[in-house]
Amino acid sequence: MTSKLNPQVQAFFDAPTWTVTYVVYDRVGGHAAIIDSVLNYDHKSGRTSTRGADEVMAFVNAQGLRVQWILETHAHADHLSAAPYLRQHLGGRIGIGAGIDGVQKVFKGLFNLEPEFKTDGSQFDHLFRDEEAFTIGDLQARVMSVPGHTPACVAYAVGDAVFVGDTLFMPDVGTARCDFPGGNAHALYRSVRKLLSLPPQTRLFMCHDYPPLVDGQPRAASWETTVAEQRRRNIHVHDGVSEEAFVKMRTARDATLDMPVLIMPSVQVNIRAGELPPAEGNGVRYLKIPLNAV
């Protein structure tokens, strides 16, 4: 891996969206990155709140951490990002994979966004290239491009830990869907094998968990596993599953899945680096829902 110094990791699970936010830091009183934050959103009322982000912020302050990075693994379709709120209160730079510009182009057209909306990724503070190295205090980190779920997905390798975004789920859940614009099951298979070629003891941290039923009850939510465990037990891509078999399974499965509940608001906000759309003449911000277009 990239460093002899391994990170300390604190996870925050957002049950309504099944999302895990991480604070990754070198030591108490040191430096940190926040990965895949959540802005709470009630789709029935259109109201946002910072409940989850405030919990993250309280931990950061209690540990005396200085935030250097607020990282996104991709433009999420299942929750809104709290990155601008966290940057306002904690500092740090918002980063995402450089492929976000292609995602922005697709969704600017779908949502017919304002002409001023740029599709060059400039809403983010930094666009990471594949294999780009960066630091979190004394921690050495690097970026791994892992397309498939979306064309812009990245994972962040920090010491012995990798934050995989939606590329992989826990072994009893499998892998991410590939039927969003730009998704590709062949690319996802190759991205997964890239991750699973890391040392067996490498810690893998999921962005989501969707607990399956065990004896009629959902198992407890969990989000940390290892390369070895994924290679042995992942129901979709354990060792021995060919690319052809995976693509056949993934394509058939994706055809049965409903769209995520928050896909329309999430994508509109997340391609803006978490900023809400600009206010209209009456001072109110609006989200769009394209009818019969998806």
So Ala98, is it hydrophobic (A, V, I, L, M, F, W, C) and either within 21 Å of Phe180 (Cα to Cα) or touching a residue at least 60 places away in the same chain (Cβ under 8 Å) (or both): yes
Please go through (1) under 18 Å from Leu80 (Cα atoms); (2) not acidic (Asp, Glu); (3) not in a helix (DSSP H, G or I) for Ile235 and return the number of the only condition it doesn't satisfy. (1)
Which ones in the range 177-188 are outside any loop (DSSP other than H, G, I, E, B) and either at positive phi or buried (at least 18 other Cβ atoms within 10 Å of the Cβ) (or both)? Ala185, Ala187, Leu188
Based on this model, can you work out whether Pro200 counts as surrounded by fewer than 19 Cβ atoms within 10 Å (Cβ to Cβ), in contact with a Lys or Arg (Cβ under 9 Å, 6 or more places away or on another chain) and modelled with pLDDT of 95 or more? yes
Only one of Leu213, Leu276 is closer than 28 Å to Gln10 by Cα, of a type in the set (A, V, I, L, M, F, W, C) and surrounded by 13 or more Cβ atoms within 10 Å (Cβ to Cβ); which? Leu276
Failed criterion for Ser191 (all others in (1) over 29 Å from Arg27 (Cβ atoms); (2) under 16 Å from the mean Cα position of the chain (by Cα); (3) assigned to a loop (DSSP other than H, G, I, E, B) hold): (3)
What number of residues within the range 102-124 satisfy the criterion of being under 17 Å from the mean Cα position of the chain (by Cα) and without any contact (Cβ under 8 Å) to a residue 60 or more places away in the chain? 1
Looking only at strands (runs of 3 or more DSSP E) that fall completely inside the range 1-95, which ones have 2 or more residues that are within 20 Å of the chain's Cα centre (by Cα), closer than 17 Å to Ala155 by Cβ and of a type in the set (A, V, I, L, M, F, W, C)? 8-14, 19-25, 31-35, 66-71
Of all the residues that make up the range 132-155, how many are closer than 19 Å to Asp26 by Cβ and assigned to a strand (DSSP E or B)? 9
Would you confirm, using the coordinates I've provided, whether Leu65 is under 26 Å from Thr167 (Cα atoms), crowded, with 21+ Cβ neighbours inside 10 Å, among the aliphatic types (A, V, I, L, M) and touching a residue at least 24 places away in the same chain (Cβ under 8 Å)? no
Within the range 268-282, considering residues that are small (Gly, Ala, Ser) and under 15 Å from the mean Cα position of the chain (by Cα), the one farthest from Lys105 (Cα to Cα): Gly274
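The values are calculated or read from the model by the stated rules, or taken from the named source; none is laboratory data. Just so it is clear, the model here is predicted, and its values are computed rather than measured. Counting neighbours? That spans all protein chains shown, and the Cβs are built from the backbone with ideal geometry, glycine included.
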